[in-house]
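Data first, discussion second: the structure below is written as structure tokens.
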Amino acid sequence: MRIIIIGGVAAGAKAAAKARRVSSTAEIILYQDEVNISYSACGMPYVISGAIPELDQIVIRNPKDFSKDNINVLIRHRVIKVNPKEKCLKVKNLETGSIETASYDKLIIATGARPIMPTIPGIELDGVHTLRSIADLELLTSKIYSKQPKQAVIVGAGYIGLELAESFKSCAIQTTILEKAGRILPQFDADMAQLVQEHVAEQGVTIVLNDGLAGIQGNNNQVTSIQTESGRSIPADIVIIAIGIKPNTELTKDTDIELGPSGAIKVNDRMETSIASIYAAGDCCESFNRISGKAAWLPLGDIANLQGRVAGENAAGGNARFTGTLGTAIFKTFDFNVSITGFSEKNARALGYDPIALTVTQLDRARYYPGGKTIHLKLIADKKDGKILGGQVIGPGAADKIIDIVATALLGKLTCGDLENADFAYSPPFSAVLSPVIVASGALKTKLKN
Ligand code: FAD
Ligand code: NAD
């Protein structure tokens, strides 16, 4: 049996490794159009800041490592056509330009996503960057170290924009973030996003809201400033476009592989597409939200790995299931840890729930123990039955621990009443005697009764 995998960063690399563990005899071929495979894009902002000294550190496995497991990785090979009827592909060797045909028994599409690019004048100028691949990272870091830019404009106040603002401060680059919406971080509730905005502004970053990018000006092909939709001109010797991503679904064109409502590839819980023997995993596909049961696109590294594992196992003859997403995510910007799980209050309402919410602010250890840091927890529950719907945890303190408790509560369909009496670990260096989850759940339960 021959398994072919298209794309080899998170989902594809994980699918290949898992398929080999399940079947020692299958022939496994992975086509990857980049030079690198199996790397952590998540680590890229820290390579720019210098927190991770060497780029190589974020490359997890190379083609030689895969060949030890008898997985044939062909880098600089782009699949240009999928023919499900004939069960074959057309593949272009990007080094030689030659095109060959390869047949498969099982196919896994793990083509990922790419940055959304605005069509505006000046977008092609030297100094305009995105951050998605290792090639993007190399270009950006070489620009920073060779030209030592002094002023950056980051377009988009989402995850990449806010992570990079911190990286740029480490490189002594003065940064302006331009955000089209009236607030930063659209995934979060506005009251919680406001806390992040204030923190980032305190670090010397200028945040411009309610304004979009209209054009980019340059001199000798090099960026010098940007023009906003409202007519503002902001000087810049480097511009980052970070306004979101779209799934790479071009290979589904002229096939019966269906896309879901988000525009990403539709899959079932075995990561099978609408065509037998073809699976998809990672940022190119959507799955479903575990709380609502509705289709959801959550383009994140951990989800790509989980889905890749299921697709790899099933392509090799197993029967694994992906149990859906919760919308859990975390990132760091300067001294703030910013995390979310489940629905925001706003999204819960939009989805037809009747949510109640409450925010508690506490230190992440006993008040008298040195080094305690603040965390703000917003907990959201369903008014109907007290079931937890989501949480957002923000601040310099241990947000990661608290958000994972709330995510686990969502997994277990727990209520405020269940959490109010939870037995969590306590000792002064680690937590407050009553976790913010317990405090917020108790207060929400009282609020429910009124
Ligand atoms: P991709 O990483 O997009 O890889 C797909 C690969 O397939 C690419 O190399 C692409 O070139 C290749 N390809 C596409 N089409 C073809 C073709 N036709 N033929 C051959 N090859 C093809 N997620 C988190 O959970 N936590 C984080 O902290 C986090 N931080 C991030 C920071 C940054 C700066 C970025 C950019 C992303 C971050 N993410 C994070 C998201 C995470 O990196 C992605 O969700 C993950 O990389 C998705 O993996 P993937 O394999 O599905 O797709
Ligand atoms: P994003 O969706 O997080 O943020 C995009 C931002 O750009 C939003 O605030 C949006 O309102 C704004 N925007 C949209 N159009 C605009 C315009 N024309 N002008 C100005 N602002 C505009 O996307 P991203 O920051 O590009 O990140 C891409 C993806 O990478 C994320 O969706 C996430 O999946 C992944 N990522 C995850 C992490 C993490 O989990 N720690 C970190 C980095 C990236």
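The values are calculated or read from the model by the stated rules, or taken from the named source; none is laboratory data. Computed from a predicted structure; not experimentally measured. Neighbour counts are summed over all protein chains in view; Cβ atoms, including those assigned to glycine, are modelled from backbone coordinates with ideal geometry. Each accessible area value is taken on the protein alone, full model and side chains, heavy atoms only, with ligands, DNA and RNA left out. Shrake-Rupley method; radii C 1.70, N 1.55, O 1.52, S 1.80 Å.
Observations, loosely collected:
- Label zone at N72 (point 7 Å along Cα-to-Cβ), backbone N below 20 Å, the stretch 91-126: 91-110
- Straight Cα distances below 12 angstrom link K332 to the aspartates and glutamates E163, E166, D400, with same-chain residues fewer than 8 positions distant left out.
- Anchor K180: lysines whose Cα lies under 20 Å away (excluding residues fewer than 8 positions away in-chain): K246, K346
- Residue-count net charge about S142 - beta-carbon cut-off 13 Å; Lys, Arg +1, Asp, Glu -1: -1
- Helical contribution to [θ] at 222 nm, DSSP H n ≥ 4, -39,500 (n - 2.57), averaged over the chain, rounded to 500: -7500 deg cm²/dmol
- Residues considered: A366, A15, A440. Largest GNM mean-square fluctuation over the chain, using C-alpha springs under 10 Å, is found at A366.
- Here r is the Cβ-Cβ distance between K81 and I116 and R0 is 22 Å; the resulting FRET efficiency, rounded to 0.05, is 0.35.
- Rounded to whole numbers, the Karplus 3J(HN,Hα) couplings from phi for the stretch 42-55 are 4, x, 4, x, 7, 6, 5, 6, x, 4, 10, x, 10, 4 Hz, using 6.51 cos²θ - 1.76 cosθ + 1.60 with θ = phi - 60°, and x at Gly and Pro.
- Distant-in-sequence amide H partners of G327 (H built 1.01 Å from N, under 5 Å): G342
- Share of carbon and sulfur in the accessible heavy-atom surface of the stretch 1-79 [1.4 Å probe, %]: 49
- Computed from backbone phi, the HN-Hα couplings of the stretch 109-124 come to 8, 9, 7, x, 9, 9, x, 6, 10, x, 8, 9, x, x, 5, 8 Hz, rounded to whole numbers (Karplus: 6.51 cos²θ - 1.76 cosθ + 1.60, θ = phi - 60°; Gly and Pro given as x).
- By accessible area, using a 1.4 Å probe on protein heavy atoms only, the stretch 280-322 has 48% of its surface on carbon and sulfur.
- Around the amide H of V73, modelled in the peptide plane, lie the amide H atoms of L30, all under 5 Å away and 5 or more residues distant in sequence or on another chain.
- The calculated FRET efficiency for D418 paired with N210, based on their beta-carbon distance and R0 = 30 Å, is about 0.15.
- Value of relative contact order over the stretch 354-450, rounded to a whole percent, pairs C-alpha under 8 Å and six or more apart: 32
- Probe 1.4 Å, protein heavy atoms only - accessible area per residue of the chain in square angstrom: 44
- Long-range amide H partners of G244 with built H, under 5 Å: I116
- Reachable lysines from K68, criterion Cα separation under 20 angstrom, eight or more residues apart if same chain: K14, K18
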